[in-house]
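A short worksheet on the structure shown next.
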Amino acid sequence: MSRAPLDLVIRHARVATASDSFSADIGISGGRIVQLGANLERGQREIDAAGRVVTPGGVDAHCHLDQPMAPPVRMADNFDTGTRAAACGGTTTVIPFAAQEKGQSLRAAVADYHQRAEGRAHIDYAFHLIVSDPTPQVLNVELPALIAEGYSSFKIYMTYDDLKLDDGQILDVLDVLDVLDVARAHGAMAMVHAENADCIEWLTKKLEAAGRTAPRFHAHSRPMLVEREATQRAIALSQLVDVPILIVHVSGREAVEQIRWARGQGLKVFAETCPQYLFLTAEDLGIDDSYKGAHCVCSPPPRDKANQEVIWDGLNDGLFTVFSSDHAPFNLDGSEGKKPGGKEVAFRHIPNGIAGIETRMALLYSEGVLAGRITLEKFVELTATNPAKAYGLHPRKGSLAIGSDADLVIWDEREFVLRNTQLHHAVDHTPYEGMTLKAWPGLTLSRGEVVWDGREFHGRAGRGRFLPSGAPSLLPRQPGRPA
Ligand code: URP
Ligand code: ZN
Ligand code: ZN
């Protein structure tokens, strides 16, 4: 009996996984990887990847797309433009946030977010929840039910007036995970935005009283100690309830030291960092009072060169579990983004966040792998495999293995100067304008379909599917020597 030919064979790939790299052909049928090995039979379609590295498609586990904002502010990217940009940058799965407004039910937030994604997404997506109003109904009914239905991660905030929870509320939310754990039916991951809200408010008022309201003072209002204190407190709260947490967007040494301490104690504390903490510094928010630096206003703010090295070390030695974009797309010009109502406002009113969904993978490949700072395997672990494991999508996503979705990137190693005009997001700038990169995805495959061929985008709005996420499959790793 003759077998049906493979849909697609990628020949002579240098396949990179989180544990090793090897030469192989990749056989794809029905959107999945079905064969891996030498001299595979001919496929209906063939792509020659001789001499080129092939990695799993990126899993961007922290990005904001079309998240409702208080008018006039609006995110520049919706699921159409945001997932198009992601695909062109080598990301094949995104996990943005269904955010609960205070007074809103969590279910209503999820239903609204599905409407925003459906018919627009070009690549597959899951949702994190944002819990901002932990009422008894949310804690006892909605959150456990939603976790069981495939929303197995949520973010809680220790800052921002409209989102922050106090310590008692955080304990109550983490306790939901403890109850789920005891039942052994489901697990979930709590992501924590760790900055001390009262310290930020106190510092902000002082700066305002002194007339220091330019974008660069945003960094002065959020020094490392506000992140360090909140990180330490979040760790203590998770220790008390005995549930894992993942500290998001870690910016520098002081928070890293807290996480290192926790890991040393054997606590289940995971950590994420982002490109802005490797490639930007506080000076990018401005060295004078010009408004230009508003495009780099994000929280926590970028630090300095010495802290960039601390973050590189943490990526290398296992301190960081995931590398995400924290893409929060706001235009610099116009009236809906960094200039609400078209005005240059005081830093406290500048929408927080940096554009980066399309540049995340190439920045780390180029400046990490090709610059010799991290191994190829570490790159795969941080950008694809670990995010898929942390949020219950592995091995379907984040892996080049038989049975996994055929989501992959073939890399082009060539030097070029990055320009926003080359990008596919709907944001009017990139914080990395003018940077020289050494690589870019030459092809992105999503479930066996070419969505980016190195020059043109071939996605289709609505082809992206919602992925219910399961329990995290990740064990804490002790920071140690680089792999
Ligand atoms: O400044 C940031 N990071 N904005 C996006 C929202 C968040 O807190 O992740
Ligand atoms: Zn955050
Ligand atoms: Zn974020």
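Give a quick list of trypsin sites (Lys or Arg not before Pro) in segment 1-58 that DSSP marks as loop, anything other than H, G, I, E or B, with at most 13 other Cβ atoms within 10 Å. Within segment 1-58, the qualifying trypsin sites (Lys or Arg not before Pro) (loop, at most 13 other Cβ atoms within 10 Å) are ARG3, ARG42. Could you compute the FRET efficiency for ALA401 and ASN39, with r as their C-beta to C-beta distance and R0 at 25 Å, rounded to 0.05? Calculated transfer efficiency: 0.85. Taken about its Cα centre, segment 58-390 carries a charge dipole of about 400 debye when Lys and Arg each add +1 at the Cβ and Asp and Glu each add -1 at the Cβ.
Can you list the chymotrypsin sites (Phe, Trp or Tyr not before Pro) in segment 156-223 that are in a DSSP coil and have 16 or fewer other beta carbons within 10 angstrom?
Here the sparse-neighbourhood loop sites are TYR160.
Here the label points at GLU456 and GLU344, each 7 Å from Cα along the C-beta direction, are separated by 4.3 nm in the simple model. Normalised by the number of residues in the chain, the mean separation of alpha-carbon contacts (under 8 Å, six or more apart) gives a relative contact order of 22 percent. Of all DSSP bridge pairs formed entirely within the chain, close to 45 percent run antiparallel.
Counting only GluC sites (Glu not before Pro) that DSSP places in a loop and that have at most 16 other Cβ atoms within 10 Å, the longest clean stretch of the chain runs over 119-343. LYS389: which lysines have alpha carbons under 29 Å from its alpha carbon, excluding same-chain residues fewer than 8 sequence positions away? Cα-Cα hits under 29 Å: LYS155, LYS164, LYS268, LYS378, LYS397, LYS438.
Taking the Cα atoms only, what angle lies between the long axis of helix 253-264 and the longest principal axis of the chain, rounded to 10 degrees? Roughly 70 degrees, rounded to the nearest 10. The amide H of ARG465, built 1.01 Å from its N in the peptide plane, has ASP124, TYR125 as neighbours under 5 Å, considering only residues 5 or more places off or on other chains. Using a ≥ b ≥ c from the Cα gyration tensor of segment 185-282 (square roots of the eigenvalues), is it rounded, prolate or oblate, where a/c under 1.5 gives rounded and otherwise the larger of a/b and b/c decides, a/b for prolate? Prolate, because a/c is 1.5 or more and a/b exceeds b/c. Translational diffusion of the chain, estimated by Stokes-Einstein from the Kirkwood radius over alpha carbon pairs at 4 °C in a medium of 1.567 mPa s, is 58 µm² per second. On the basis of the beta-carbon distance and an R0 of 22 Å, ASP289 and THR421 show a calculated FRET efficiency of 0.20. Computed over segment 53-109, the P(r) tail beyond 14 angstrom holds 61 percent of alpha carbon pairs. Local charge sum around LEU225 (other residues, Cβ-Cβ under 14 Å, Lys/Arg +1, Asp/Glu -1)? In short, -1. Just flag the trypsin sites (Lys or Arg not before Pro) in segment 304-347 sitting in loop per DSSP whose Cβ has no more than 15 other Cβ atoms within 10 Å. In loop regions of segment 304-347 (DSSP not H, G, I, E or B), the sparsely surrounded trypsin sites (Lys or Arg not before Pro) are LYS343. Taking every DSSP helix (H) stretch of at least 4 residues in the chain, weighting each as -39,500 (n - 2.57) and dividing the sum by the residue count yields a mean residue ellipticity at 222 nm of -7500 deg cm²/dmol. Probing with 1.4 Å while keeping every protein chain in the model, the per residue accessible area of the chain equals 37 Å². Entry note, segment 149-287: relative contact order of 24 percent, from Cα contacts under 8 Å with a spacing of 6+ residues.
List residues of segment 39-62, by number, whose backbone nitrogen lies under 20 Å from a label position 7 Å along Cα→C-beta of ARG11. Label zone hits: 39-55. For segment 58-390, the fraction of 1.4 Å probe accessible surface lying on carbon and sulfur atoms is 48 percent.
Computed from the C-beta positions of PHE22 and ALA209, the FRET efficiency with R₀ = 51 Å rounds to 0.25.
The values are calculated or read from the model by the stated rules, or taken from the named source; none is laboratory data. These numbers were taken from a predicted model, which means no experiment stands behind them. Ideal geometry is used to build each Cβ from the backbone, glycine not excepted, and the neighbour counts take in all protein chains shown. What goes into the accessible areas is simple: the full protein's heavy atoms, side chains included, and nothing from ligands, DNA or RNA. Shrake-Rupley method; radii C 1.70, N 1.55, O 1.52, S 1.80 Å.
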